[in-house]
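To start, the structure under review is shown below, and the notes come after it.
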Amino acid sequence: MDQTVELLMVFKQELEQCGSLQQLQDLRVKYLGKVGEVTNLLKGIKDLPADVRPVFGAKINSLRSELETLLADKSSTLKAKEMQLRLQNEQTDISLNSVADWGALHPITLIENKICEIMVSMGFEVLSGPEIETDYYNFKALNIPEDHPARDMQDTFYITDNILLRTQTSAMQARLMEKKKPPIKMICPGKVFRSDNDASHSPVFHQIEGLVVDKHITLCDLKGTLEYIASQLFDSKTKVRFRPSFFPFTEPSVEVDLTCSNCGGKGCSLCKGTGWIEVLGAGMVNPFVLDNCGIDSAKYNGFAFGMGVERLAMIKYGIPDIRLFYENDQRFIKQFGK
Amino acid sequence: MKVPLSWLKEFVQIDEDIETLCKKMVDIGLEIEEVCYLGDNVTNVKVCQITDIKQHPNADRLLCCKVDVGGEIIPIVTNDHNVKVGNKVPVALHNAHLANGLHITKGKMRGEESYGMFCGAEELGITDDWYPVGNNEGVLILSDSAVVGDDIRKEVGLDDYVLDVAVTANRQDCNSVLGLAREVAVALGKRCKQPDIDFAENSVATSDLVDVEIAAPDICKGYYMQGLTDVVVERSPRWLTSRLAKVGLHGINSLVDITNYVLFEIGQPMHAFDYADITDKKIIVRRAFDGEKITPLDGKEYTLNNDDLVIADNNRAVGLAGIMGGANSGIKTQTKCVLFESATFARRNIRLTGHRLGLRSDSSARFEKGIETYTNNLGLSRALHLAQQLGCGKVTAGRICNGKVEQSKQIEFSQKRITDLLGITIPENRIVSILQSLNIDTVINEGIVKCTVPPYRDDISRDCDIIEELIRVYGYDNIKGTLMEKSRITCGGKTENDKRCDKLKTILTGLRYNECVFYPFGGKSLFDKASLTPVDESKYIRIKNPIGEELSLMNLSLLPNMLQCVALNTARGNKNLRLFEMGKAYIADSLPLRDLPYEQPRLSVCATDVSFDEFRNCVLQTVHSVADGIKLARSSQQILHPGIAADIFADGVCVGYFGKLHPQIAVNFDIESECYIAEIYLDLLFGKARGEIKYKPFSKYPSVARDFAFLCDEQVAAQDILDEFLQLPLVESAALFDEYRSEQLGVGKKSLAISVVFCDSTKTLQDGDIEKQSGKALKSVAEKYGAVLR
């Protein structure tokens, strides 16, 4: 038999036995290496007659290229097999679905952030004032003189006769208006203090004060602004209702109700069947306050509102008890980290 | 303010059902806190007439009656023997509920059918003030005029509502039946009747009986007196006592009842003195002497001081002004001559005295809300009218008047102002009709609104007050939302420091820390727990009137409240705590406070079940997000473990500290897990905030890392060794990657392994370059710190 045919046959048998890329490489060296079978075969060419040599040489070359092709094919097959084996072996249990938690912002901060975002988009500055405040800014500048009945509305913590823990973020109104002239659009979030401590009151709570002073500001603007806040904080269908009320630093003064976010106004236990939830107090800035801060009340109007942050958070997130906010059980806070 | 519906109806015709009435009251600003139907506890009880009474066949003490309940005759068995045939009595029928909680069902009593039970006054929840109850024993015998078959509630006055109205602080004029009636009339579009105040005077002149001197005009703005002679003190009629009963008062005698009636109806506190007890015909309204004693009608003795106001004669105090009359001058059955007092005392003064003495009354409660001199006259006239009507005596001639009578206020403003403020236009005829309905006389002429405000409306003083009156009656539902279309555009936003706070919060939550909010105050016991030695209370800003000692001192650090929270969480089994708070420390220049203190913004961070390295990384990442040039040094903060405590410096300024909680303090708080804490002074940190980020070119050539291991003394700070490398020009970074101690190394020795990255922006570094560079560092590390290469 022709030597090349014989070699090819043997090669094919050995190729068949090859189970890995390493064995394939060994096979390649055995046949096509520097001292491999094919090379050895080629060495015999010098013993052949001159006229046969070219034919023999061509045969060897064609054998070489056939072996190369077979090796390459086998290599592809083995690689594919190895990939498959690797994929089979590389398995992991993906069933565990507990989520690594983020830290959470406190719900009071979440509401404050949301309100700030809404108000900043409307051109409001976000400012903060001192928590330990003078009687003047907390009361007198807001048209609440010493023996005014409105002082009874707020049980005040005093440090001295004239220094107290602010009972309302409204204390920031006069501070700002003394420094800045209209147009003014400001909100002031922060802690306020009243000496109440029971299931529904906390001696410390948070308010956000809003103040706008400019020419041509009307009660309709107050309503429109609150409607926008309500639509952004709750949903676009939320309605705003005004009821008459009294605050010494606004005139007219209103209590502001929103359609209950729980039942959409149909009436439920949250809104005690009324379909409305009282969320804040507001009104047109009392001219006394403007004049007192050196802003001409004949030229300028303004509106102001003050909302309780805990109350909004309780409504928005369904938190049942104000004391949860200050207990800071990590399981409470974590719920808001999503 | 509690008001019976029936009393309101004295002044206003009310045809609306109770729900409509309440809604309309709410709409104009009278918040209804509670609506109470007085007959709620008495259901299915009717007026019946007894037609037959027989002895019970099987029980000596029971009677078998037949009663007519309006067309039907039913059997009732009773053990009350005060009933007679022909009596009209209340009968509780099957399924009736009674005021004392009884539930009645029909059944058999000792074999005899009984369809219900006769009721006494107690079972109906009424007293002699409501209905003549006789000796109040056994079955209530009703008057002959009672209609058989009627609901008993109609007969005894229980068919009535009491509204509890929340009156806003500016509307003290509404703290009376009359005041509320005026508002209800406006809400319903009806007229409000005036109370009857006419009376005839006798020949005795009031001024011959008494002379009044106001010695403290600053706290007594008005004082009126008029009296009665030929006084007869009796029981008041039931129409009067039943009204008082509905607002919670018992009938006492006609004169005292009249003063109470006027208090509720007109809103004017009144007092009646027995004239026989006033010596020298003299009434002096004066400040009490320091140490002066008085025994008011409650029978207790109180010691007064110069801040208190008394009503006195020439010898002694006969009343504590506005709060309670003196026991020495009260009305007695034998009283023959009476002086009525109707006055205005300063609300603050009444409040302070009442508060200090712990003595309050319906009168003082009303004075504390504010009384106008307008009602002094009205109240006094009403009392005299009632006294005459009830036959209590003859009215003395003339009135002693001290104090100025308030004039009606005139307010003028442009009609345009209404639209400017409200944003809507109210038709002119509506403006006039609304204001007239409020008794504000109004004329509009050429765009000018002229108003005359009734004297009882102390709260109305300028145009915006009038406009509020307009819109609350016109209806707030007419206000349509707009978005400040005519105002100027403003630039909004947060302050830079607020934005930095937001950034820190974002980073901390990303590091899995949860935000807390605490009260910014605490008590000595808490602060002591968070300290190795008791804290000096005098350094804290103290609340004068705290809720309790534990909430009385303003924070000087955020950590005590944080640790208390860690204690609470660990006690509840919460592990892996990651907490932070942004709050304030309240730092006074001097105490007691003269100026406002500095409120220093601070950040506290706390973690349990964490390694020091992990916590340090978190603190440094947080601080470094704001400022550069962060360095650490050993800290001596008492709250920290002395060996694991670092002060944080930013650009040379100490901006906070962190470390392991001192084990003693951990014990104080019962915190058993490893606990690390940090407190950052945000104002100081933000003071070192980096400016805008500027691009720095970086090398195109590869960087090369080299590791070095040193043997050195325990005291050598790894950062010092790193710094020696970091100051080399070609060093990009240097970091510690291993630290260990062993017996072979020797006691007090440690091994530090560091990795240094070299890079040159002009070429690929060769080994020679690196050796030259590191050689310098190795030399100075050996010289300065005795650290040798291993």
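The values are calculated or read from the model by the stated rules, or taken from the named source; none is laboratory data. Note that the structure is predicted; figures quoted are calculated from it, not measured. A quick note on method: Cβ atoms are made from the backbone with ideal geometry, for glycine too, and the neighbour counts reach across all protein chains shown.
Points to keep in mind about this one:
- Checking every residue in segment B:550-557 against the condition of being surrounded by fewer than 17 Cβ atoms within 10 Å (Cβ to Cβ) and either more than 9 Å from chain A (Cβ to nearest Cβ) or out of contact with any Gly (no Cβ under 8 Å at 6 or more places or on another chain) (or both) gives at least one match.
- Residue that is surrounded by the fewest Cβ atoms within 10 Å (Cβ to Cβ), among those in segment A:105-138 that are farther than 26 Å from A:Ile322 by Cβ and small (Gly, Ala, Ser): A:Ser121
- Condition check for B:Ser525: more than 14 Å from every other protein chain (Cβ to nearest Cβ), polar (S, T, N, Q) and not in a helix (DSSP H, G or I): no
- The condition (being in a loop (DSSP other than H, G, I, E, B) and among the hydrophobic types (A, V, I, L, M, F, W, C)) is satisfied by just one residue among B:Ile311, B:Ile331: B:Ile331.
- Residues being of a type in the set (S, T, N, Q), at the interface with chain B (Cβ under 9 Å from one of its Cβ atoms) and within 33 Å of the chain's Cα centre (by Cα) - total across segment A:178-202: 1
- Hey, B:Leu504 touching a residue at least 12 places away in the same chain (Cβ under 8 Å) and more than 9 Å from chain A (Cβ to nearest Cβ) or not: yes
- Candidates in segment A:139-166 are the residues that are assigned to a helix (DSSP H, G or I) and more than 10 Å from every other protein chain (Cβ to nearest Cβ); of these, the one that is surrounded by the fewest Cβ atoms within 10 Å (Cβ to Cβ) is A:Lys140.
- Exactly one residue among A:Asp51, A:Asp93, A:Asp101 is outside any helix (DSSP H, G or I) and touching a residue at least 40 places away in the same chain (Cβ under 8 Å), and that residue is A:Asp101.
- A single member of B:Asp465, B:Asp498, B:Asp536 is surrounded by fewer than 17 Cβ atoms within 10 Å (Cβ to Cβ) and either at the interface with chain A (Cβ under 7 Å from one of its Cβ atoms) or more than 30 Å from A:Asn162 (Cα to Cα) (or both), and it is B:Asp498.
- B:Gln715 being more than 30 Å from B:Tyr513 (Cβ to Cβ) and either not assigned by TED's automatic domain parsing to the domain that holds B:Cys759 or not charged (D, E, K, R) (or both): yes
- Single residue of B:Leu386, B:Leu390, B:Leu378 found to be farther than 23 Å from B:Glu234 by Cα and more than 14 Å from every other protein chain (Cβ to nearest Cβ): B:Leu378
- The combined condition, being closer than 30 Å to B:Val262 by Cβ and hydrophobic (A, V, I, L, M, F, W, C), is fulfilled by B:Val3.
- Contact map, segment B:346-368: first residue over 16 Å from B:Asp218 (Cα atoms), second residue among the β-branched types (Val, Ile, Thr) and surrounded by fewer than 20 Cβ atoms within 10 Å (Cβ to Cβ), Cβ cut-off under 9 Å, separation 6 or more or different chains; pairs are B:Leu357/B:Thr303.
- Hey, A:Glu82 under 24 Å from A:Ile315 (Cβ atoms) and surrounded by fewer than 18 Cβ atoms within 10 Å (Cβ to Cβ) or not: no
- The strands (runs of 3 or more DSSP E) found wholly in segment B:566-657 and carrying at least 1 residues that are within 30 Å of A:Leu165 (Cα to Cα) occupy B:578-587, B:598-608.
- Test for A:Thr134: is it at pLDDT 95 or above and more than 37 Å from the chain's Cα centre (by Cα): yes
- Residue that is modelled with the highest pLDDT, among those in segment B:292-349 that are of a type in the set (Phe, Trp, Tyr) and crowded, with 23+ Cβ neighbours inside 10 Å: B:Phe340
- Some residue of segment A:30-40 being in contact with a Phe, Trp or Tyr (Cβ under 8 Å, 6 or more places away or on another chain) and either over 22 Å from A:Ser75 (Cα atoms) or touching a residue at least 40 places away in the same chain (Cβ under 8 Å) (or both): no
- In segment B:132-153, the residues that are crowded, with 16+ Cβ neighbours inside 10 Å and at pLDDT 90 or above: B:Val139, B:Leu140, B:Ile141, B:Leu142, B:Ala146, B:Asp150, B:Asp151, B:Ile152, B:Arg153
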